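Reviewing the structure listed below.
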Amino acid sequence: MDEILEIVNGQIFGVWFLIGAALVFWMQAGFAMCEAGFTRAKNTGNILMKNLMDFCIGTIVFILIGFGLLLGEDILGIIGKPGFDIFTDYANFDFSNFVFNLVFCATTATIVSGSMAERTKFISYCVYSAIISAIIYPVEAHWTWGGGWLSQLGFHDFAGSNCIHMVGGICAFIGAAMLGPRIGKFVKDKEGKIVKVNAFPGHNLPIACLGVFILWLGWYGFNGAACTSVEQLGSVFLTTTVAPAVATVVCMVLTWVKYGKPDVSMCLNASLAGLVAITAPCDVTDCFGAIVIGAVAGVLVVFGVWFCDNVVHVDDPVGAVAVHMLNGIWGTIAVGLFATSSAPMSEIDGLFYGGGFTQLGKQLIGCGATIAWTAITIFIAFSIIKAIFGLRVSEEEEITGLDATEHGLASAYAGFSLMDISNTMTMEVNENTSLGVEDYDQASEAMRNAAVKVVRPEQEPADDTATGIHKVVIITKLTRFELIKEAMNAIGVTGMTVTQVMGCGIQKGAGEKYRGVEMDATLLPQVKLEIVVSKIPVDTVIETAKKTLYTGHIGDGKIFVYRVSRVVKVRTGEENYDALQDVE
């Protein structure tokens, strides 16, 4: 009876193993959505293509060489023996193990995509993605999961904080550093010193949020697929839930305190950071350990984003370095601190559970060796690719967007009108924009004219076409609309045409922060009012508008005055109407 139950149990967990692999594959969709949402719309098609090709190219090279280097017969504890059993001995091939390790391999390559987004040549991306899947990941993963020297040492990484996330994060960091920042990300002074960091808000946070939830769901397979008992699986699910939840709350509180408001995108990153950090110790830690690991992850992700922007000046559009590299390192070390033999099927104790420094030392050795291997090999790979193909697209291609220049795709959002509002038409606010007087009645005529410029004809027409009718066009901030509407009503204007537009000018924004970086007021929502007057003196309309719009800053608004020279009778189909023809 026991033998039958053991067989049934083995079959059940064999099926779960493949279900877990399918969940990990589904994480590719999460990475695609997350990266696309955190970047600009003009590059969305390129990002989707890269995430698709990560898996497809990775599958080919994993068949040819990667699988053998990872799980082939061990050679000196360093690499597996390459082989082609998948072709020569298919009947006895380990199908499940191949699929399971393939989807993990693809995850490593995908991590790099986000940090190098929006300025990388597609051909170069395909090449380095293949190198990661064929050589870099399989060799270091063999050390831990293929019977290599780290597994013999006693190093522990249950699901990949070290072998997958840290490796992907290091590749992302080095790649982004070698590639350089996106145009406009950093502002330099005359000496070349970076004096300002610009924010590039993601174009679609709902999609990014969906991506995070897809990834979180997939992580239950990522961490739990290798479990061999119900108790162990339940414990892994618990730690995989607790750590990211705590990390997200800690990040919310930290950004709320540090930046004045809870940062949405940073909290999305924090959920992933907590998942990355718990990946290595998920099977050997308890609930308390998961809480501490998640809390540290929530702090690390905020620090990591700040560190990349303000210290090393590495442009990481999606925060992959903070999420995967830093928290991959932290999760690997955390095994040596929070491992406990009280967890189901765990046989190790970390420093804080009475195990001393033994396991911690093993974790540090494994982490350091993996960092060295990854940093050296990916630097060589990027250097060769840069010499042969070049890593970066041209400035013109980057500004236009990679969808159009790399794929001939007009837009990933056909049918929608898109506008890039990220530091494309920035005008700096300086000490000269304040006029020094905020009250309109106390301001001089020169101040009034500087704040609200009036453009009008120099003189009325001398011929008999003059009608005494004027059209006044007022452009101002959206926040002043109600005030200007009420002011116009007060002087007898009862009709106006209102259009909401986007404007660029020297205006001081609200000082809001995106991922800890203050956002420039580039293209701001404005309102355009068109008013036609005849009986009401046009000077009354102009003076009322100037007084209403004035706040004491250059760029409070602008007024255009057009004289109407004649009334033209227009016939269109079955309808007749009078149209005013404006002559400036």
### Hits in segment 406-454 - residues which are more than 30 Å from K547 (Cα to Cα), open to solvent by less than 60 Å² (accessible area, probe 1.4 Å) and either hydrophobic (A, V, I, L, M, F, W, C) or at pLDDT below 80 (or both)
A412, D420, S422, N423
### Message
For the structure I just gave you, tell me whether S129 is closer than 21 Å to A29 by Cβ and surrounded by 24 or more Cβ atoms within 10 Å (Cβ to Cβ).
### Response
yes
### Residues being in a strand (DSSP E or B) and of a type in the set (V, I, T) - total across segment 69-91
2
### Query
Does I78 satisfy being surrounded by fewer than 24 Cβ atoms within 10 Å (Cβ to Cβ) and not acidic (D, E)?
yes
### Task
Consider E118 carefully, then state whether it is crowded, with 17+ Cβ neighbours inside 10 Å and part of a helix (DSSP H, G or I).
no
## Note on the structure
Flagged in segment 81-109 as open to solvent by 30 Å² or more (accessible area, probe 1.4 Å), more than 20 Å from I19 (Cα to Cα) and of a type outside the set (K, R), in numbering order, are P82, G83, F84, D85, I86, F87, T88, D89, Y90, A91, N92
## Note on the structure
When G304 is run through (1) outside any helix (DSSP H, G or I); (2) under 30 Å from K193 (Cα atoms); (3) small (G, A, S), the failure sits at (1)
### Message
Please go through segment 134-160 and give me each residue that is surrounded by 24 or more Cβ atoms within 10 Å (Cβ to Cβ), in a helix (DSSP H, G or I) and not hydroxyl-bearing (S, T, Y), ordered by number.
### Response
I136, P138, E140, A141, H142, W143, L150
#### Entry: Considering residues of segment 359-374 that are in contact (Cβ under 8 Å) with a residue 24 or more places away in the chain and open to solvent by 30 Å² or more (accessible area, probe 1.4 Å) only, the residue farthest from the chain's Cα centre (by Cα)
K362
### Query
Under the condition of being assigned to a loop (DSSP other than H, G, I, E, B) and out of contact with any helix residue (DSSP H, G or I) (no Cβ under 6 Å at 6 or more places or on another chain), which residue from segment 252-274 is farthest from I164 (Cα to Cα)?
G260
### Query
Of (1) more than 21 Å from the chain's Cα centre (by Cα); (2) over 19 Å from G180 (Cα atoms); (3) of a type in the set (A, V, I, L, M, F, W, C); (4) at pLDDT 95 or above, V299 satisfies all except one. Which?
(1)
## Note on the structure
Picking from V249, V253, V284, V292, the residue that is surrounded by 20 or more Cβ atoms within 10 Å (Cβ to Cβ), aliphatic (A, V, I, L, M) and farther than 20 Å from T107 by Cα would be V284
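The values are calculated or read from the model by the stated rules, or taken from the named source; none is laboratory data. The structure presented is a predicted model; accordingly, all values stated were derived computationally and were not measured. Don't worry about glycine lacking a Cβ; one is built from the backbone with ideal geometry, like all the others, and counts go over all protein chains shown. SASA here: full protein model, heavy atoms, side chains in, ligands and nucleic acids out. Shrake-Rupley method; radii C 1.70, N 1.55, O 1.52, S 1.80 Å.
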